[in-house]
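In what follows, a structure is listed as structure tokens, so that the remarks can point back to it.
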Amino acid sequence: MVSVVISESRDPYYNVALEKYLFSGAFSEDIIYFWQNAPCVVIGRNQNVFLECNLDYMKEKGILPVRRFSGGGAVYQDSGNLNFTYITNKENDGFIAERIKNALSAFGIESVTSARNDLLYNGKKFSGTAYLTEGERRMYHGTLMINVDIENLYNVLTPSELKIKSHGIDSVKSRVINLSTVSTEISAEKFISVFVDALSEKRVLKIENEPEVEKIRNMISSEKWIFGEAPKFEAMLEYKIGGNLLQVNAEVKNGIVEKAKVFSDALEETDTEKLAKKIIGRAFDEKEIRTVLEKE
């Protein structure tokens, strides 16, 4: 018996929280969970959000930063993407991938699995996967690019020109493709219908007003979880202010500038130590640091 859960929410924090709730033992049976998000970038548990994303572009476009519980790389998502999750107590990572491929065949899309367990069509990636284990509980989840905004995808996953030495895990960039360019028949709703119909024994669960889900949502939507969980890293920022070049070397831990040195090419004397002290202890934000430097 497999239980199917289909989220009606587009809130990425709620959807990731619901996934965690389903994974954490609320139900003993196998679960297949489908969900779609409003525009966001979902990064892996151990990734550096500052390195993976163009945060200025995200703020401009209203694209949310989300940190999930599993590993893997950064993924841009919007309503043109369908997320799938398979939760089980069995070691069976091929179960969900084979059924995804079988469902796609109904739309005339023949796909293959890459060495990284991504799904490809004609050598282009349309699905990335990640996994998480806790005791006997296993979670395999991934994405299906059906009609994702490709311009947003490339812009948001191209970080600003920061010179960062990271101690986290970088994403692997791949050529991607939307499934809607292969088949005009496919949509998230139609795919879910085909997939669920093919399951021999299933029941559909509806999760509503669950306090534990809201508790998890509040945690993962906090700045502490999103930015404070970023691995320690070093960054070098350069600013042209008042005709002079200022260079900031910063050590950042938990999203906060721990150490800083400022260098200047100005002809007049500049108190770089004073500038550095103004930056230390602040949240790591390129624009905020520029504002601090411009005031001095």
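Here, each number is a calculation from the coordinates, and none is a lab measurement. Bear in mind the structure is a predicted one, so any value in this text is a computation, not a measurement. A quick note on method: Cβ atoms are made from the backbone with ideal geometry, for glycine too, and the neighbour counts reach across all protein chains shown.
Expected output is a single nm value to one decimal: the length gained when fully extending between M236 and K202, i.e. 0.36 nm times separation in residues minus the C-alpha distance. What is it? All intermediate terms of the calculation are to be shown ahead of the outcome.
Working: separation 34, 0.36 × 34 = 12.24 nm, distance 5.34 nm.
The span from M236 to K202 would gain 6.9 nm if fully extended.
Work out how much length K224 to E185 would gain on full extension: take 0.36 nm times their residue separation and subtract the Cα-Cα distance, in nm to one decimal. Numbers along the way, then the final one.
Details: separation 39, 0.36 × 39 = 14.04 nm, distance 4.20 nm.
Roughly 9.8 nm would be gained on extension.
Where the centroid of each part is defined by its Cα atoms, how far is region 115-130 from region 278-296 in Å?
40 Å
Give me the number: length gained by fully extending K59 to E294, i.e. 0.36 nm times residue separation minus the C-alpha to C-alpha distance, one decimal in nm. List each step's numbers first, then the result.
Details: separation 235, 0.36 × 235 = 84.60 nm, distance 2.17 nm.
Extra length from K59 to E294 when fully extended: 82.4 nm.
Report ³J(HN,Hα) in whole Hz for each residue of region 65-74, in order, from the Karplus equation J = 6.51 cos²θ - 1.76 cosθ + 1.60 where θ = phi - 60°; Gly and Pro get x.
With the stated coefficients, region 65-74 comes to x, 9, 10, 8, 8, 8, x, x, x, 7 Hz.
Using +1 at the C-beta of Lys and Arg and -1 at the C-beta of Asp and Glu, which of G281, A97, N122 has the Cα lying farthest in the positive direction of the dipole of the chain?
A97
Which entries of K90/K124; K253/K287; K61/K206; K253/K277; K190/K215 show an alpha-carbon separation above 28 angstrom in the structure shown? Numbers along the way, then the final one.
Details: K90/K124 30 Å; K253/K287 18 Å; K61/K206 32 Å; K253/K277 16 Å; K190/K215 32 Å.
Violating the 28 Å limit, Cα to Cα: K90/K124; K61/K206; K190/K215.
Give me the angle, in degrees from 0 to 90, between the Cα long axis of helix 286-295 and the longest principal axis of the Cα atoms of the chain, rounded to the nearest 10.
The two axes meet at around 20 degrees.
Tell me the label-point distance for the pair S28, K277, using the 7 Å Cα-to-Cβ offset, in nm and rounded to one decimal.
With each label placed 7 Å out from Cα toward Cβ, I get 6.4 nm.
Starting from the exponent 0.38 and prefactor 2.2 Å, build the expected Rg for the chain from its residue count and divide its actual Cα Rg by it.
On the way: Rg = 21.8 Å, N = 296, 2.2 N^0.38 = 19.1 Å.
It is 1.14.
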